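The values are calculated or read from the model by the stated rules, or taken from the named source; none is laboratory data. In this text the structure is predicted, and so the values were computed from the model without any measurement. Counting neighbours? That spans all protein chains shown, and the Cβs are built from the backbone with ideal geometry, glycine included.
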Amino acid sequence: MNETNTFLLDGEEIPFTPGQTIIQAATAHGVYIPHLCWHPEFKAHGSCKICTVKVNGRFGSSCTMAAQAGMNVENRSTELDDKRRTLLQMYFVEGNHFCPSCEKSGNCSLQATAYELKMVSPHFDMFYPDRPVDASHPDILLDFNRCIMCSLCVTASREVDGKNVFSMGGRGLLGRRIHISSESGKLADTDFALTDRAASICPVGVILPKRKGFAVPIGERKYDKLPINLQVTEETQ
Amino acid sequence: MTDFSRIDAVLAHHDRNGTRLVQILREVQEQLGWLSPATLSYIAEGVGWPRAQVSGTAAFYSFFHTRQRGKYCVLWSDNITDRMLGNTDLMDAMCKKLWLEPGRVSEDGLVSVNTTSCTGMCDQGPALLVNYRAVTGMTLQRVDEMAELIRTEVPIAEWPAEWFAVQDNVRRTEILLAGNFAPGSALRAAHERAEVDGLSSSNNRSFRESLPHGIAGPMAMLDEIQRSKLRGRGGAGFSTRFKWEACRNAPLRADQERIVVCNADEGEPGTFKDRVLLTSYADLVFEGMTVAAYAVGATRGFLYLRGEYRYLLEPLEAVLARRRAAGLLGKSILDIPGARFDIEIHLGAGAYVCGEESALIESLEGKPGRPRVRPPFPVTNGYLDQPTIVNNVETFASAALVALHGGDWFAAIGTKQSTGTKILSVSGDVARPGIYEYPYGVTVRQVLADCGATDTLAVQISGPSGMCLAEDEFDRRIAFEDVPTAGAFMVFNTSRDMFEVARNFSHFFAHESCGFCTPCRVGTTLVRNIMDKIANRHGSPYDINELFKLHRLMQGASHCGLGNTACNPVFDTLNKFRPAYETRLMSLDYEPAFDLDAALSEARQMTGRDDAGAHFAAHSPDEANA
């Protein structure tokens, strides 16, 4: 690695290898940049905008911007965390997120990120969208009320499982949703399986195994033990 | 029952190629009326794509119906200019005539009536689309007659032809609209300009390299474009020379070719100049595309035509056929062996965001029009990952004239930084709406005088994503260095309410957001809701602050230009026409958006009551003022 291949992230020097994005370099160095749709295993999607940073004074998504030597990147400034908090509030009002009754509580990236960014209320008026649950599959429940449109299940099903069970389709706030590859639109009519990578990729509580409720008690879950900013790793979870 | 043989014919016509999905879906829908689940499954299997990808694409475009639609589908253009011409009352009258609720298909499956984004007929509104055919100049009488024709199920082909007449309304001409262009003249001039250098490439991969003049001709053409200082007419004003040269220099892999795309997805509300260029000046546009192909070495071209201009498809196909017959398109252009370039027309299907070049390319590839992550840029990785230039219709028309008359001639027109002319689409409160061509540098005041505008309060330039100018700014100039524009010029007189203008635009953006990134997907709807809250007299200064906050977030964090500019009309009108907002504010403190009386409306409907006792009257604006 070239010695000059470093950039500044909140004043800290971060080394990178050419071709790495800002968030990849930061993650490899153990530094947390808040994010939701990005996953170290996959190519960046760039949709959540939670990972927005300021590069030499301009906003950009750290998951899609290539790291360049000498760039000055602002990450956890008050201004950026304020914007991130507003984006999180947008997520909370556009879907139906009721943490106390959600099996994913404590293991949920959205919830953990909201704690990390000190979000105390959804702030905006709730939209209460009508999003049906798909319980057709014998082993898996899909609760789209919690979907944050990160497309990780789409990518995992396509790239790891080779199945293309999901696709992100439709337009806008009301139209955009996960489409399922069957004429009925039901998961039961696909070849989706509990062992698929896509079955365990969901950062929130949409894709859940059936008959496995609360196997790990609340209080002993991933983010109950340690906040999300202290669990930066490139390894697959 | 689904008619699979007709789907097969469409699939065969497109070589069962999934990248042509948007065209396949449109053609199948034109034949079968809608895209049923069985139809989508059959198409998915036919092109070998995952079914979810096919249904996801179908669901993206407003003009695709994945639920059975009425035999007659009426969509009223709902731009602010249509509103000012009374479209709301006319649509209400039509719904009453047909016993319909807007947006619902009638019980007998006969008809649905709804609104759609601006259809590009602002100079001859109120406009609508009936089964995706453009109708202009709606009146109450036409509403009555149309409702009768629908009720008696008269086929649209038998409706009065004058309803479908679209006028050019060209009011002022300069170089582009002069109308004296001889097809082929620009190409010949470009070809003759290069000195014969004796180079003939042995590698005949592209138009450029296979020309007997070798590389000299295209280089000379690029030099003329540089001398002309031509900049993109879509609004951003990027240097045409830089874009073309980057594409020309982009490396080609095996089986790749360079692509020229003409962006005729004229979706910006208030803009209709491309419609006129493609109606009466199509040769100029296609010649410009061919000149571009010559300059960058492209062999394949697309015209991406917005779905609202479906009626232009056949006439444009005829122009292309004529140009092929005249040796101006095809395999040996101008009788030069190996000089090949051809143009294919792709239709959009009701998605404003496809005007963004990378979203447009996604759509050309059969996908939802979602703007790509950039870099890489289309000039190196565009259509099917090939080097691609995407330019505006007017840019290509200008490029044809640069080829014909030379760059110096072109650069002498306009201003130093903005050379050539700009076509403005003038609508709103003016005596003579239509198309006006000016050299760059003309003042807003001059345009207003020419189009017969009086008592002007404001001008919205370049559409909702552009700028709103107030009276004290009318001496500013139409130019990249002052007021850049894609062409829309909507005029509002002192009787108009600029809050309602901004509210109309906020509904437009909420409808057109592609939904990919969070700030735009949710933010455009939050802005729309706040504007509605203020309109419903539930607003407070708190809501004004919220609008500013959302503007700051969306402008920096959104994925593409749509989200970045979506708050512009709100921001501009808040700064320049603040009283239009403040007179509506309920109080100086916080007010909830929740309207208790409105919440009872469902109960009233169910019980059939509407008496005073069924209303909660404690929160009327009158009482609050008391």
- Would it be correct to say that B:Arg528 is among the basic types (Lys, Arg) and at the interface with chain A (Cβ under 7 Å from one of its Cβ atoms)? no
- If we keep only residues of the range B:552-598 that are under 30 Å from B:Ala614 (Cα atoms) and part of a helix (DSSP H, G or I), then the residue farthest from the other protein chains (Cβ to nearest Cβ) is B:Asp597
- Quick one: would you say B:Thr524 is within 27 Å of B:Cys122 (Cβ to Cβ) and touching a strand residue (DSSP E or B) at 6+ places or on another chain (Cβ under 8 Å)? no
- If you check B:Arg248, B:Arg253, B:Arg233, which single one turns out to be of a type in the set (Lys, Arg), over 15 Å from B:Gly355 (Cβ atoms) and touching a helix residue (DSSP H, G or I) at 6+ places or on another chain (Cβ under 8 Å)? B:Arg248
- Message: Among the listed residues B:Gly125, B:Gly109, B:Gly120, identify the single one that is buried (at least 21 other Cβ atoms within 10 Å of the Cβ) and on the phi > 0 side of the Ramachandran plot.
- Response: B:Gly120
- Item | Residue count for the range A:36-56, restricted to those that are of a type outside the set (A, V, I, L, M) and more than 11 Å from chain B (Cβ to nearest Cβ) | 6
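This table checks each residue for (1) of a type outside the set (D, E, K, R); (2) more than 22 Å from B:Arg584 (Cβ to Cβ); (3) within 14 Å of another protein chain (Cβ to nearest Cβ).
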position: B:Val483; (1), (2), (3): yes, yes, no
position: B:Asn493; (1), (2), (3): yes, no, no
position: B:Met498; (1), (2), (3): yes, no, no
position: B:Ser513; (1), (2), (3): yes, yes, yes
- Item | Filtered residue count, the range A:50-85, keeping only those that are free of Cβ contacts under 8 Å to residues at least 40 places away in the same chain, surrounded by 23 or more Cβ atoms within 10 Å (Cβ to Cβ) and in contact with a His (Cβ under 9 Å, 6 or more places away or on another chain) | 2
- Kindly check whether there is at least one residue in the range B:138-157 that is in contact with a Cys (Cβ under 9 Å, 6 or more places away or on another chain) and at negative phi. no
- Message: Condition check: over 15 Å from the mean Cα position of the chain (by Cα) and within 11 Å of chain B (Cβ to nearest Cβ). Does A:Phe98 satisfy that?
- Response: no
- Query: Would you say A:Phe166 is in contact (Cβ under 8 Å) with a residue 60 or more places away in the chain and of a type in the set (Phe, Trp, Tyr)?
  - Reply: no
- Scan the range A:114-127 residue by residue and report those that are out of contact with any helix residue (DSSP H, G or I) (no Cβ under 6 Å at 6 or more places or on another chain) and more than 9 Å from chain B (Cβ to nearest Cβ). A:Tyr115, A:Lys118, A:Val120, A:Ser121
- Item | Total residues in the range B:505-534, condition closer than 22 Å to A:Cys48 by Cβ and of a type outside the set (Lys, Arg) | 18
- Note on the structure: Residue hits (the range B:92-134; of a type in the set (Gly, Ala, Ser), closer than 17 Å to B:Gln167 by Cα and modelled with pLDDT of 95 or more) are B:Gly120, B:Ala127, B:Ala134
- Set A:Lys104, A:Lys49, A:Lys43: member being over 30 Å from A:Asn5 (Cα atoms), among the basic types (Lys, Arg) and in a loop (DSSP other than H, G, I, E, B): A:Lys104
- Task: Pull up the range A:182-215, narrow it to residues that are farther than 19 Å from A:Met149 by Cα and assigned to a helix (DSSP H, G or I), then point me to the one that is farthest from the other protein chains (Cβ to nearest Cβ).
- Result: A:Ala188
- Item | Filtered residues of the range B:394-433 (kept if under 30 Å from B:Arg496 (Cβ atoms) and in contact with a Cys (Cβ under 8 Å, 6 or more places away or on another chain)) | B:Ser425, B:Val426, B:Ser427, B:Gly428, B:Val430, B:Ala431, B:Arg432, B:Pro433
- Kindly indicate whether A:Gly175 is crowded, with 20+ Cβ neighbours inside 10 Å, more than 17 Å from the chain's Cα centre (by Cα) and either in contact (Cβ under 8 Å) with a residue 60 or more places away in the chain or within 7 Å of another protein chain (Cβ to nearest Cβ) (or both). no
- Query: Taking the stated definitions as given, is A:Ser151 facing another protein chain (nearest Cβ under 9 Å) and either of a type in the set (Ser, Thr, Tyr) or on the phi > 0 side of the Ramachandran plot (or both)?
  - Reply: no
- Query: How many residues are β-branched (Val, Ile, Thr), within 29 Å of B:Lys533 (Cβ to Cβ) and within 14 Å of the chain's Cα centre (by Cα) if we restrict to the range A:107-158?
  - Reply: 2
- Note on the structure: Going through the range A:159-201 in order, the residues found to be among the basic types (Lys, Arg) and touching a helix residue (DSSP H, G or I) at 6+ places or on another chain (Cβ under 9 Å) are A:Lys163, A:Arg171, A:Arg176, A:Arg177, A:Arg197
- Query: Can you name every residue in the range A:216-234 that is over 13 Å from A:Asn107 (Cβ atoms), of a type in the set (S, T, N, Q) and part of a loop (DSSP other than H, G, I, E, B)?
  - Reply: A:Thr233
- Message: For the structure I just gave you, tell me whether B:Val47 is away from chain A (no Cβ under 12 Å) and either touching a residue at least 24 places away in the same chain (Cβ under 8 Å) or out of contact with any strand residue (DSSP E or B) (no Cβ under 9 Å at 6 or more places or on another chain) (or both).
- Response: yes
- Note on the structure: Scanning the range B:554-571 for residues that are crowded, with 24+ Cβ neighbours inside 10 Å, over 11 Å from B:Cys517 (Cα atoms) and over 19 Å from the mean Cα position of the chain (by Cα) gives B:Val570
- Message: So, B:Lys367, is that one more than 30 Å from B:Glu192 (Cβ to Cβ), modelled with pLDDT of 95 or more, surrounded by fewer than 22 Cβ atoms within 10 Å (Cβ to Cβ) and basic (Lys, Arg) or not?
- Response: yes
- Query: Does B:Arg340 fit the bill of being more than 19 Å from A:Arg176 (Cα to Cα) and in contact with an Asp or Glu (Cβ under 8 Å, 6 or more places away or on another chain)?
  - Reply: no
- Of the residues in the range B:118-154, those that are farther than 16 Å from B:Leu100 by Cβ and of a type in the set (Gly, Ala, Ser) come to B:Gly120, B:Gly125, B:Ala127, B:Ala134, B:Gly137
